[in-house]
Amino acid sequence: MVSKSYSNLLEMSCGDGVDFRQPFKSLPRVVTSPGIISDPDWDTRSDVDSVGSASSVDRKIIVANFLPLNCTKDEAGQWSFSRDDDALLMQLKDGFSNETDVIYVGSLKVQVDPSEQDQVAQKLLRDYRCIPTFLPPDLQQQFYHGFCKQQLWPLFHYMLPICLHKGELFDRSLFQAYVRANKLFADKVMEAINTDDDHVWVHDYHLMLLPTFLRKRLHRIKLGFFLHSPFPSSEIYRSLPVRDEILKSLLNADLIGFQTFDYARHFLSCCSRLLGLHYESKRGYIGIDYFGRTVSLKILSVGVHVGRLESILKLPATVKKVQEIEQRYKGKMLMLGVDDMDIFKGISLKLLGLELLLDRNPKLRGKVVLVQIVNPARSTGKDVEEAITESVSVAERINVKYGAVDYKPVVLIDHRIPFYEKIAFYAASDCCIVNAVRDGMNLVPYEYTVCRQGNEEIDNARGSDTNCHHTSTLIVSEFVGCSPSLSGAFRVNPWSVDDVADALHRATDLTESEKRLRHEKHYRYVRSHNVAYWAHSFAQDLERACKDHYSRRCWAIGFGLNFRVIALSPGFRKLSLEHFASSYNKATRRAIFLDYDGTLIPQSSINKAPSDELITILNSLCDDPKNDVFIVSGRSRSLLDEWFAPCQKLGIAAEHGYFVRWNKAAEWESSYPNQDFEWKHIAEPVMQVYTETTDGSSIEPKESALVWHYLDADHDFGSCQAKELLGHLERVLSNEPVVVKCGHYIVEVKPQGVSKGLVVDKVIHRLMNKGKTPDFVVCIGNDRSDEDMFKSIDNMTLSSAFPAVPEVFACSVGQKPSKAKYYVDDAGEVVRLLKNVAGISAHLEAVSHGRVTFRDVMDYVD
């Protein structure tokens with residue numbers, strides 16, 4: 001059974017702990033339908049989802065699959081726990097101030113009987129500031145050994161599930177277990193959160209759904225996520241059936257951290273290709289625009305705890321072990337490998353490289369020894385068993401082929417050894433080789449470098465001068481995360497046995513001065529970029545990423561794993577039909593500006609022509625003598641003329657306002673008469689070249705403009721070509737009276753000064769000159785070009801261009817960042833809105849002819 005939620009954990013703990021039970025100002029809301037989840041006083045700290053009261057204590061909540069604890073149970077059935085000082089999560093505390101209260105949330109590495117869970121939870125919170133997440137055994141098996149290790153781990157290491165007999169194909173039940181486990185972790189995090197200022201830092205691929213569950217409960221939570229494993233390329237990641245759910249959940253974090261730029265680049269590519277999101281770099285920070293929120297990316301590899309390694313290196317047991325190892329392998333070059341036993345560490349490939357080295361260089365036989373320390377496997381399965389068998393087989397073959405009575409080229413240590421002994425091997429080895437075929441980071445080279453720096457005790461034991469220079473040699477796979485930071489290492493392709501053998505040979509041939517220079521370079525980096533530096537830098541960037549949480553209004557939409565929070569400007573709100581209709585009814589002169597695609601007709605509609613219902617609604621609006629109605633579109637005037645032929649009184653602005661017609665009987669006016677279009681002869685051939693070289697792209701010629709479309713092209717290549725085309729056109733058209741702009745999957749060349757905003761400005765000023773100054777202005781649109789209309793109306797209002805300030809309804813279609821003050825959900829709602837007020841106009845017309853009374857009109861409005 002799932003253990004109960006310990007809402008009174010602090011009550012059970014000692015009295016000097018931080019009080020997690022400070023009351024909620026109100027319970028966090030469970031969203032049952034899309035809509036706002038913040039109150040009108042959104043900009044204060046009394047937000048409905050704020051937890052606890054303000055506190056001066058800086059609190060960091062660290063969430064990971066396993067707690068950084070060692071657990072044992074004695075024969076009497078008593079549990080004993082101790083901190084795992086070698087665990088990364090415990091070491092990162094050094095990056096925070098001494099006043100920081102660090103709370104850990106995670107599972108134990110052992111199963112605790114449900115009857116003991118309350119007692120264990122009390123003890124862990126009281127003594128170690130840990131809140132345990134107790135997963136039932138069957139859920140733990142499906143969650144960790146099932147979905148995490150069988151599906152996510154291989155995929156994130158570039159292994160596609162292509163073999164049916166290995167049971168590697170996606171299993172929906174395992175994913176459901178992953179969801180349930182992440183929910184249980186979220187429950188425990190909620191017990192720990194005490195104030196709005198608490199920071200939550202989630203670690204690794206086991207908990208990638210946690211950001212969604214936490215953001216759903218606290219939409220202004222300060223939330224960071226760090227991925228310790230690789231992130232695969234989009235071509236690999238897109239094979240995951242739940243790819244969108246995981247991406248959307250990660251984007252509910254404020255800051256996402258990666259070990260290397262390659263992993264971040266792959267993540268950005270997935271967001272771009274699969275979700276259509278855009279990202280940009282500003283002042284050194286990469287940000288993804290996600291529904292008004294900027295999700296920041298952090299690229300910084302994890303470091304090691306130098307002080308911890310140095311303290312172990314000083315232990316008498318370590319010094320003695322170093323002497324023992326050096327004596328045992330005296331006169332030989334000692335090479336070291338330290339790897340977990342899994343299929344991605346490339347142990348057998350490393351051994352094959354050594355075999356080839358000895359085969360090609362007989363003089364090295366008897367002089368080179370590779371000690372391979374194999375850490376116990378973290379997962380089970382046929383693949384792991386095969387990797388173990390293969391490594392042992394290759395090692396035995398090499399020893400039989402090149403060994404002697406007193407010499408073994410390969411020493412395989414496949415049992416658990418004390419940490420100090422591993423440190424001693426680091427200190428005594430001349431060369432360290434990490435040959436993984438794929439690894440998120442791998443801190444072995446960093447640990448080796450620190451240990452090779454040695455100390456006074458080891459130097460004295462060796463009889464060396466304490467001021468002597470230290471050396472180290474590293475051979476690192478180019479597919480591990482630490483490789484970019486180790487510029488002095490020999491980088492190898494682990495799949496190339498020749499490459500590995502060559503690197504091993506070069507390592508045996510280095511001069512002492514080369515070894516010293518390489519070591520000093522690595523040691524400077526490792527010492528300065530330690531685990532404290534990494535943790536402090538991540539915490540700083542998380543604070544920066546969350547700094548504007550209270551300057552935006554937040555709305556929650558979506559259900560389940562599609563949940564997301566939209567951050568909008570303070571005054572942005574949903575347009576009230578009643579308020580709109582009432583203001584419409586009171587107005588004496590109205591100006592109505594309507595975009596077409598995506599506003600009056602859905603963007604996804606195949607048939608773009610207006611429906612009979614829409615034509616009827618527009619005619620009803622135009623028949624009201626108080627109204628001036630304009631369609632403002634980017635489409636050509638010929639097409640708009642054809643579509644709206646039945647609308648005799650409708651005004652049309654075509655090609656973003658380059659052509660304007662006040663009604664069907666009027667002539668088309670050009671905003672820029674006598675325009676010279678000779679520039680088209682320059683721009684079109686350039687566009688044609690890019691069209692021929694970019695499959696899926698096309699050119700749309702307009703009377704006043706040329707548009708290059710790349711929506712159907714490959715996303716990355718199309719974007720790259722668009723940037724190149726933009727620069728190319730700007731260079732060749734630099735002396736022409738045109739502007740070149742990038743839009744939504746387009747590159748457009750059009751005359752200078754043409755915009756929808758200028759059309760609105762022109763029409764309103766014409767109406768004012770005719771004595772028809774509007775006291776009611778409506779402007780509805782859905783894309784970037786419509787923002788010019790909103791901005792123009794706003795500027796006119798602020799500049800006192802109107803004799804009396806009109807009531808303005810600038811309205812965006814869809815909840816997204818906009819200069820408009822209102823929004824409606826979709827094109828269907830726009831049509832319903834217009835239909836409603838068109839009915840008001842029709843009733844008022846009937847009043848003027850005596851067919852109905854004014855009270856009938858008011859009843860209709862109500």
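The values are calculated or read from the model by the stated rules, or taken from the named source; none is laboratory data. Being a predicted model, the structure only gives us computed values, none of them experimental. For neighbour counting, all protein chains shown are included, and Cβ atoms are generated from backbone atoms with ideal geometry for every residue, glycine included. For the accessible areas, the whole protein counts, side chains as well, though only heavy atoms, and no ligand, DNA or RNA atoms are used. Shrake-Rupley method; radii C 1.70, N 1.55, O 1.52, S 1.80 Å.
Is the stretch 774-782 home to any residue that is under 30 Å from the mean Cα position of the chain (by Cα), within 30 Å of Pro803 (Cβ to Cβ) and modelled with pLDDT of 90 or more?
yes
Looking at Val813, Val740 in this structure, which one is buried (at least 16 other Cβ atoms within 10 Å of the Cβ), of a type in the set (A, V, I, L, M, F, W, C), more than 21 Å from Ser576 (Cα to Cα) and modelled with pLDDT of 90 or more?
Exactly one residue qualifies, and that residue is Val740.
Take the residues in the stretch 106-125 that are within 12 Å of Phe81 (Cα to Cα) and either open to solvent by 60 Å² or more (accessible area, probe 1.4 Å) or β-branched (Val, Ile, Thr) (or both); name whichever of them is nearest to the chain's Cα centre (by Cα).
If we take residues in the stretch 106-125 being within 12 Å of Phe81 (Cα to Cα) and either open to solvent by 60 Å² or more (accessible area, probe 1.4 Å) or β-branched (Val, Ile, Thr) (or both), then Lys109 is nearest to the chain's Cα centre (by Cα).
Name the single residue that is farthest from Pro701 (Cα to Cα) among those in the stretch 587-611 being of a type in the set (Val, Ile, Thr) and assigned to a strand (DSSP E or B).
Ranking the candidates gives Ile592 first.
Matching residues to (1) in the same structural domain as Pro316 (by the TED database); (2) surrounded by fewer than 17 Cβ atoms within 10 Å (Cβ to Cβ); (3) free of Cβ contacts under 8 Å to residues at least 60 places away in the same chain:
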| site | (1), (2), (3) |
| --- | --- |
| Arg365 | yes, yes, yes |
| Pro376 | yes, yes, yes |
| Gly381 | yes, no, no |
| Val394 | yes, no, yes |
| Arg397 | yes, yes, yes |
| Tyr402 | yes, no, yes |
| Asp414 | yes, yes, no |
| Cys431 | yes, no, no |
| Asn435 | yes, no, no |
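Suppose we filter the stretch 474-517 for residues that are surrounded by fewer than 23 Cβ atoms within 10 Å (Cβ to Cβ), of a type outside the set (Lys, Arg) and assigned to a strand (DSSP E or B); how many remain?
Residues in the stretch 474-517 being surrounded by fewer than 23 Cβ atoms within 10 Å (Cβ to Cβ), of a type outside the set (Lys, Arg) and assigned to a strand (DSSP E or B): 1 in total.
Is it fair to say Ser97 is closer than 20 Å to Trp534 by Cβ and either among the aromatic types (Phe, Trp, Tyr) or open to solvent by 20 Å² or more (accessible area, probe 1.4 Å) (or both)?
yes
Yes/no per residue for (1) over 20 Å from Ile131 (Cα atoms); (2) basic (Lys, Arg); (3) open to solvent by 10 Å² or more (accessible area, probe 1.4 Å):
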residue: Cys148; (1), (2), (3): yes, no, no
residue: Trp153; (1), (2), (3): yes, no, yes
residue: Val179; (1), (2), (3): no, no, yes
residue: Glu191; (1), (2), (3): no, no, yes
residue: Asn194; (1), (2), (3): no, no, no
residue: Val200; (1), (2), (3): no, no, no
residue: Arg217; (1), (2), (3): no, yes, yes
residue: Phe225; (1), (2), (3): no, no, no
residue: Asp254; (1), (2), (3): yes, no, no
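Only one residue in Ser115, Ser107 is among the hydroxyl-bearing types (Ser, Thr, Tyr) and within 26 Å of Phe419 (Cα to Cα), so which one is that?
None of the others qualify; the one that does is Ser107.
Among the numbered criteria (1) surrounded by fewer than 17 Cβ atoms within 10 Å (Cβ to Cβ); (2) without any contact (Cβ under 8 Å) to a residue 24 or more places away in the chain, which one does Gly331 miss?
Answer for Gly331: the failing condition is (2).
State all residues of the stretch 612-667 that are part of a loop (DSSP other than H, G, I, E, B), among the small types (Gly, Ala, Ser) and under 41 Å from the mean Cα position of the chain (by Cα); if no residue qualifies, say none.
Ser633, Gly634, Ser636
Just to be sure, is Lys422 in contact with a strand residue (DSSP E or B) (Cβ under 8 Å, 6 or more places away or on another chain), of a type in the set (D, E, K, R) and open to solvent by 20 Å² or more (accessible area, probe 1.4 Å)?
It is true that Lys422 is in contact with a strand residue (DSSP E or B) (Cβ under 8 Å, 6 or more places away or on another chain), of a type in the set (D, E, K, R) and open to solvent by 20 Å² or more (accessible area, probe 1.4 Å).
May I ask you to list the residues in the stretch 678-704 that are open to solvent by 60 Å² or more (accessible area, probe 1.4 Å), assigned to a loop (DSSP other than H, G, I, E, B) and touching a strand residue (DSSP E or B) at 6+ places or on another chain (Cβ under 9 Å)?
Glu703
Please determine whether any residue of the stretch 806-815 is assigned by the TED database to the domain that holds Trp662, at positive phi and touching an Asp or Glu at 6+ places or on another chain (Cβ under 9 Å).
For the stretch 806-815, residues assigned by the TED database to the domain that holds Trp662, at positive phi and touching an Asp or Glu at 6+ places or on another chain (Cβ under 9 Å): present.
I need a count of the residues in the stretch 816-862 that are in contact with a strand residue (DSSP E or B) (Cβ under 6 Å, 6 or more places away or on another chain) and either at pLDDT below 85 or part of a loop (DSSP other than H, G, I, E, B) (or both).
3
Hey, does the stretch 546-557 have a residue that's outside any helix (DSSP H, G or I), without any contact (Cβ under 8 Å) to a residue 40 or more places away in the chain, open to solvent by 60 Å² or more (accessible area, probe 1.4 Å) and not assigned by the TED database to the domain that holds Ala489?
yes
Restricting the search to the stretch 702-737, which residues are among the hydroxyl-bearing types (Ser, Thr, Tyr) and free of Cβ contacts under 8 Å to residues at least 12 places away in the same chain?
Ser734 - this is the single residue of the stretch 702-737 that is among the hydroxyl-bearing types (Ser, Thr, Tyr) and free of Cβ contacts under 8 Å to residues at least 12 places away in the same chain.
For the stretch 581-588, state whether one or more residues are modelled with pLDDT of 90 or more, open to solvent by less than 20 Å² (accessible area, probe 1.4 Å), of a type in the set (Phe, Trp, Tyr) and within 23 Å of the chain's Cα centre (by Cα).
no
From the list Ala87, Ala64, Ala76, which residue is aliphatic (A, V, I, L, M) and open to solvent by 60 Å² or more (accessible area, probe 1.4 Å)?
Ala76
Within the stretch 209-237, take every residue that is part of a helix (DSSP H, G or I) and β-branched (Val, Ile, Thr) and give me the one that is farthest from the chain's Cα centre (by Cα).
Step by step, filter the stretch 209-237, then rank; the result is Ile236.
For Thr212, are the conditions met, namely being assigned by the TED database to the domain that holds Pro154, touching a residue at least 60 places away in the same chain (Cβ under 8 Å) and under 19 Å from Tyr178 (Cα atoms)?
yes
Which of the residues belonging to the stretch 290-302 are in a loop (DSSP other than H, G, I, E, B) and either open to solvent by 70 Å² or more (accessible area, probe 1.4 Å) or modelled with pLDDT of 90 or more (or both)?
Answer for the stretch 290-302, where residues must be in a loop (DSSP other than H, G, I, E, B) and either open to solvent by 70 Å² or more (accessible area, probe 1.4 Å) or modelled with pLDDT of 90 or more (or both): Phe291, Leu300, Ser301, Val302.
Take the residues in the stretch 766-791 that are among the aliphatic types (A, V, I, L, M) and either assigned to a strand (DSSP E or B) or outside the structural domain of Arg590 (by the TED database) (or both), then tell me which one is nearest to Gly276 (Cα to Cα).
Only one residue fits best here, namely Ile780.
Condition (residue is surrounded by fewer than 21 Cβ atoms within 10 Å (Cβ to Cβ), more than 30 Å from Leu725 (Cα to Cα) and out of contact with any Pro (no Cβ under 6 Å at 6 or more places or on another chain)) applied to the stretch 627-643: is it met by at least one residue?
Yes: the stretch 627-643 contains one or more residues that are surrounded by fewer than 21 Cβ atoms within 10 Å (Cβ to Cβ), more than 30 Å from Leu725 (Cα to Cα) and out of contact with any Pro (no Cβ under 6 Å at 6 or more places or on another chain).
So in the stretch 276-289, with the set limited to residues that are at pLDDT below 90 and touching a strand residue (DSSP E or B) at 6+ places or on another chain (Cβ under 8 Å), which one is least open to solvent (accessible area, probe 1.4 Å)?
Here the answer is Leu277.
For the condition part of a helix (DSSP H, G or I), among the hydrophobic types (A, V, I, L, M, F, W, C) and more than 28 Å from the chain's Cα centre (by Cα), what is the one hit in Val740, Val707, Val754, Val763?
Every option except Val763 fails the conditions.
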